[in-house]
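The values are calculated or read from the model by the stated rules, or taken from the named source; none is laboratory data. What you are looking at is a predicted structure, and each value in this text was computed from that prediction instead of being measured. Here the Cβ positions follow ideal geometry from the backbone for every residue, glycine too, while neighbour counts run over all protein chains shown. Heavy atoms of the whole protein, side chains included, go into the accessibility calculation; ligands, DNA and RNA do not. Shrake-Rupley method; radii C 1.70, N 1.55, O 1.52, S 1.80 Å.
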Amino acid sequence: MRAVILARAVFPLHGYGGLERHVFDLIRALIERGVGVTLISPPPRDAGLTAAAVHPDLNADFVPYRTFPLAGRRGTTVIDRSTAYPVWGLRAGRRALELVRGGAADIVHGFGASVLGYARARKNGQGRAPLVMNPQGLEEFGATDPSRARLKRAAYLPLRRAVIASAAAADAVIATDRSLEPVVLKHLGIPRERMTTIPNALDLRTIDAAADATAIARLRADHGVRPEERVLLSVGRLEASKGFHVLLRALAAARDHGGLEGLAWRWVALGDGPHRAALERLAAELGVQRQVRFLGRVSDTDMHAWHEVSTLFVHPTLYEGSSLVTLEAMAHRRAVVASAAGGIPDKVRPGGNGWLVPPGDPSALAAAISGAIADPARLARYGAAGRMIVEREFSWTAAGDATVALYRRLLG
């Protein structure tokens, strides 16, 4: 079986993020199951990287991604996602059609608008290979900033149309969480029988191998993390939709109301983005700058080491897709405080492995954090339960098998 995977980004060729990591793991899971894979993506950001950085047996066909003037950095702005991204999807999808016509692919599997060109070909009766489409988080259908909801929805209109057209031509559309099933049906307008649910997943072997004792000890020494210190960890792009400004206000509230009294603590944020300077200013205004560390992008090794050093994972997002970062914290046996947004309630179960709070509510977030770090025994219990949930429901052992089974069913 030969599959073409289309995505605008994949780790490590285009950085680290939820989509990037998912595509990386999907490719590796398919190749391990004997599927021949060709990746269609933009060229790597680092000219020294090749497809072998994803997997030695991966074939790649890099289609240039050209950002329009004033659209901002590729993939990071609403303007770019609604202009350059659909145009790239047309070109990438046409390249997939060429591979299908040349007998080099049996199935086409793409993310969001990346399959737009192939979808149009399918609509016109071309392209014999079945199309699998994963819309991922559907951010373009739900504004992340309520104060700009109308403006943002209008700006995302071209991308929404591209995603809907791609889904309409697909033989199967993947929902990445049970909680996202009604969202997929509502926004994409597909019949239920063409939707299948395969959760975003983790490769636990990679995560377990990355928990390096030497790296953990080095990180503690380099950053002066004392044994008694409570480390709150967050991972994500520093943008408004991730809610890190809400977390800063929650930390200040917890401090002011005694929730952190007498404790040595710090909040560590891994990731970078356009709101970093604003978050640093807010931390100073709230008087928590001494306990806050914005470390930017870190290596894979350091990221896993921070998980092992951390006391609690906090994900205050205002809007979310599947949330791989939450799963990674659970895989590291860390309890989670998170917003009840997107696919997170499928993973974080109050009373079982963490706490859920309403998105954008600093008071509720402060109360959850204060209660969590006050009970080390419960943190350990919740952490162990989170790992079991990942092993049972969100590992690539299950997701890889389910994806290949879907391919075989479509090929009939």
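When the residues of the stretch 170-205 are filtered to those that are open to solvent by 20 Å² or more (accessible area, probe 1.4 Å), touching a Lys or Arg at 6+ places or on another chain (Cβ under 9 Å) and free of Cβ contacts under 8 Å to residues at least 60 places away in the same chain, the one that is nearest to Phe394 (Cα to Cα) is Thr197. Looking across the stretch 236-254 at every residue that is outside any helix (DSSP H, G or I) and open to solvent by less than 10 Å² (accessible area, probe 1.4 Å), the one that is nearest to Ile344 (Cα to Cα) is identified as Gly243.
Kindly indicate whether Arg120 is assigned to a helix (DSSP H, G or I) and under 21 Å from Ile174 (Cα atoms).
yes
Considering only the stretch 13-48, how many residues are in a loop (DSSP other than H, G, I, E, B) and modelled with pLDDT under 95?
So the first thing to find is which residues in the stretch 13-48 are in a loop (DSSP other than H, G, I, E, B), and the list is 14, 16-17, 33-35, 42-48.
Filter once more, so that each one left must be modelled with pLDDT under 95: 14, 16-17, 45-48.
Of the residues in the stretch 13-48, 7 are in a loop (DSSP other than H, G, I, E, B) and modelled with pLDDT under 95.
Scanning the stretch 294-332 for residues that are farther than 22 Å from Thr176 by Cα and among the charged types (D, E, K, R) turns up Arg297, Asp300, Asp302, Glu308. For Tyr407, the criteria (1) open to solvent by 50 Å² or more (accessible area, probe 1.4 Å); (2) in contact with a strand residue (DSSP E or B) (Cβ under 6 Å, 6 or more places away or on another chain) hold in every case but one, which is (1).
Selection of first residues in the stretch 246-266 that are under 21 Å from Ala284 (Cβ atoms) and of second residues that are among the polar types (S, T, N, Q) and not in a helix (DSSP H, G or I), restricted to Cβ pairs under 8 Å at least 6 apart or on distinct chains, gives the following pairs, ordered by first then second residue: Leu247/Ser234. When the stretch 308-326 is limited to residues that are farther than 27 Å from Gly137 by Cβ and either of a type in the set (Val, Ile, Thr) or under 19 Å from the mean Cα position of the chain (by Cα) (or both), the one that is most open to solvent (accessible area, probe 1.4 Å) turns out to be Thr311.
Criterion first (open to solvent by less than 10 Å² (accessible area, probe 1.4 Å), farther than 30 Å from Val54 by Cβ, at pLDDT 95 or above and of a type outside the set (Ser, Thr, Tyr)) does Ala305 satisfy it?
Working: open to solvent by less than 10 Å² (accessible area, probe 1.4 Å): yes; farther than 30 Å from Val54 by Cβ: no; at pLDDT 95 or above: yes; of a type outside the set (Ser, Thr, Tyr): yes.
No: the conditions fail for Ala305.
For every residue, the table says whether it meets (1) over 16 Å from Tyr319 (Cα atoms); (2) at pLDDT below 80; (3) hydrophobic (A, V, I, L, M, F, W, C).
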| residue | (1), (2), (3) |
| --- | --- |
| Asp145 | no, yes, no |
| Leu151 | yes, yes, yes |
| Arg161 | yes, no, no |
| Ile164 | yes, no, yes |
| Thr176 | no, no, no |
| Leu185 | yes, no, yes |
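Restricted to the stretch 56-76, and to residues that are at pLDDT 85 or above and either surrounded by 17 or more Cβ atoms within 10 Å (Cβ to Cβ) or of a type in the set (D, E, K, R) (or both), which residue is nearest to Phe24 (Cα to Cα)? Filtering first and then ranking leaves Leu58.
Given the criteria touching a Ser or Thr at 6+ places or on another chain (Cβ under 6 Å) and under 25 Å from Ala305 (Cα atoms), does Ala215 qualify? I'd like the intermediate steps shown before the answer.
On the way: touching a Ser or Thr at 6+ places or on another chain (Cβ under 6 Å): yes; under 25 Å from Ala305 (Cα atoms): yes.
Yes: the conditions hold for Ala215.
Mind checking which residues of the stretch 354-412 are assigned to a strand (DSSP E or B) and aromatic (Phe, Trp, Tyr)?
Step one: filter the stretch 354-412 for residues assigned to a strand (DSSP E or B), giving 354-357, 395.
The answer is Trp355, and nothing else.
Note on the stretch 64-86: residues that are in contact (Cβ under 8 Å) with a residue 40 or more places away in the chain and under 18 Å from Gly117 (Cα atoms) amount to 6. Under the condition of being within 21 Å of Ile207 (Cβ to Cβ) and open to solvent by 30 Å² or more (accessible area, probe 1.4 Å), the residues counted in the stretch 21-54 number 4. Among the residues of the stretch 371-388, those identified as surrounded by fewer than 20 Cβ atoms within 10 Å (Cβ to Cβ) and either polar (S, T, N, Q) or under 19 Å from Leu324 (Cα atoms) (or both) are Ala384, Ala385, Arg387, Met388. Of all residues assigned to the stretch 155-168, none qualifies as being farther than 20 Å from Gly93 by Cα and free of Cβ contacts under 8 Å to residues at least 12 places away in the same chain.
Is there a residue being farther than 21 Å from Ile27 by Cβ, among the basic types (Lys, Arg) and buried (at least 20 other Cβ atoms within 10 Å of the Cβ) anywhere in the stretch 79-88? Yes: the stretch 79-88 contains one or more residues that are farther than 21 Å from Ile27 by Cβ, among the basic types (Lys, Arg) and buried (at least 20 other Cβ atoms within 10 Å of the Cβ).
Consider the stretch 311-331 and keep the residues that are more than 24 Å from Leu260 (Cα to Cα) and out of contact with any Ser or Thr (no Cβ under 6 Å at 6 or more places or on another chain). The one that is modelled with the lowest pLDDT is Gly321.
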